[in-house]
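The values are calculated or read from the model by the stated rules, or taken from the named source; none is laboratory data. Since the model is a prediction, treat every value here as computed from it, not as a measurement. Glycine gets a Cβ as well: all are built from the backbone with ideal geometry, and neighbour counts include every protein chain shown.
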Amino acid sequence: MSGILEGVKVLDFGRYIAGPFCGALLADYGAEVIRIERISGSEDRYVTPVSEDGQGAMFLQLNRNKLGLTLNPTKDKGQDIVKKLVERSDIVIANLPEPTLKSMGLDYENLRSINPGIILTSNTAFGTTGPYAERVGFDGVAQAMSGAMDMTGDSEQPTKAYAPYVDFCSASLAAFGTMLAFLEKQKTGKGQRVQTSLLQTALTTTNSLLIEQEILNVNRFASMNRAQTSGPSDTFQTKDGWILVQTVGQPLFERWANLMGEDTWLSDEKFKDDLSRGENGHLISERMSQWCSDKTSQEAIIELEKSRIPVGEVLKANQTLNERHILEKGSFVKMNYPTMEKSYSVVGPAVELSENPGKINLRSPELGEHNHEILTDLGYSHEDIEQFKLERII
């Protein structure tokens, strides 16, 4: 069965995560995505290297199912290739600053002069309006400015989340926006520009915190893993590790209190609702820590699960790779790269469709792996392609 997006042609000029993951999401469902990078390889190809020739873990994850083309679009012949590619494409992805887009001929005005139906999907740090529009930034900058870092860790030192969630959320929103634009194009025949920004994405994730601050002026401060508006919601040390428990709402708290043998807490004003339990969360966490102290993680999980209380073991990376549920569910797709002896695990599509689901069929491309195939398809001869190499166009 062909993929849902079969026939949709995408040019991915993305870098790092926000652009490339957007392209990967489209490619997983059948779009033909060409990843275009610098002649020597874009910087994100080599982030967190895992092979002798420097291939990066992030590149291996985010550029699956794509064809690879090297190109210098700042040269005239490179611009000619860009023009031919844009003429036959539906979508261009580029998470690059506005001046860079213009210097590469990827600004929306230029693209739609080539192809009026083109959709340009771009992601910037701060958006293209406002006083910070020209600034550059990464995921952590957006975390810092959204209020998230101040509420993570402890009150002495703001802490960034290890996982770059702002990048991945921005990419997911960009893919969502791209599909909205594509559906609109089916109705009107017109393309448009789709924009996301890291800061707007980060603000989306902290919006409830900001609303509470605006209305109640509570001035919350970080409390490590302990939640401030429910309880128990914290990490707890067991005999052989750590678990995380999250309860929100009266029914869960009642089940937890019964498990702890603390029935009197159900009529205690200190624990009358989620907000009260959050304000007195240190008392609840102390009780839960005491309960966990003489149990292994698995023993605690079994007891908590019997009471239908949300719980998970805090796993190290090597444990996650071997976690029974993850493996039996088939969360990973094993892949091989030509310059690597060991196979590696790429997480499959997170959106599961009962009909025509997404698939990971191809590993990430080697540098310039599909140059000849793509350029031949554009009408260039073997001699043209060899000349492009000599002139450092590809």
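In the set Val92, Val50, only one residue is over 21 Å from Ile385 (Cβ atoms) and either surrounded by fewer than 18 Cβ atoms within 10 Å (Cβ to Cβ) or within 17 Å of the chain's Cα centre (by Cα) (or both); that residue is Val50. Scanning segment 306-318 for residues that are of a type in the set (D, E, K, R) and under 15 Å from Val248 (Cα atoms) turns up just one, Arg308.
Results for (1) over 17 Å from Thr152 (Cβ atoms); (2) buried (at least 18 other Cβ atoms within 10 Å of the Cβ); (3) at pLDDT 95 or above, shown as yes or no for each residue.
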{"position": "Asn217", "(1), (2), (3)": "yes, no, yes"}
{"position": "Val245", "(1), (2), (3)": "yes, yes, yes"}
{"position": "Arg255", "(1), (2), (3)": "yes, no, yes"}
{"position": "Asn258", "(1), (2), (3)": "yes, no, yes"}
{"position": "Asp263", "(1), (2), (3)": "yes, no, no"}
{"position": "Arg277", "(1), (2), (3)": "yes, yes, yes"}
{"position": "Leu283", "(1), (2), (3)": "yes, no, yes"}
{"position": "Glu286", "(1), (2), (3)": "yes, no, yes"}
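Count of segment 99-126 residues, restricted to those that are under 21 Å from Asp44 (Cα atoms) and touching an Asp or Glu at 6+ places or on another chain (Cβ under 7 Å), is 1. Residues in segment 156-167 that are part of a helix (DSSP H, G or I) and surrounded by 19 or more Cβ atoms within 10 Å (Cβ to Cβ): Val166, Asp167.
The set of residues in segment 206-228 that are within 24 Å of the chain's Cα centre (by Cα), closer than 29 Å to Leu283 by Cβ and not small (Gly, Ala, Ser) comprises Thr206, Leu209, Leu210, Met224, Asn225.
Within segment 78-89, the set of residues being crowded, with 18+ Cβ neighbours inside 10 Å and of a type in the set (S, T, N, Q) comprises Ser89 only. Exactly one residue out of Ala148, Ala171, Ala222, Ala181 is crowded, with 17+ Cβ neighbours inside 10 Å, in contact (Cβ under 8 Å) with a residue 12 or more places away in the chain and not assigned by TED's automatic domain parsing to the domain that holds Asp28: that is Ala222. Within segment 185-198, the residues that satisfy the criterion of being touching a strand residue (DSSP E or B) at 6+ places or on another chain (Cβ under 9 Å) and not hydroxyl-bearing (Ser, Thr, Tyr) are Lys185, Gly191, Gln192, Arg193, Val194, Gln195, Leu198.
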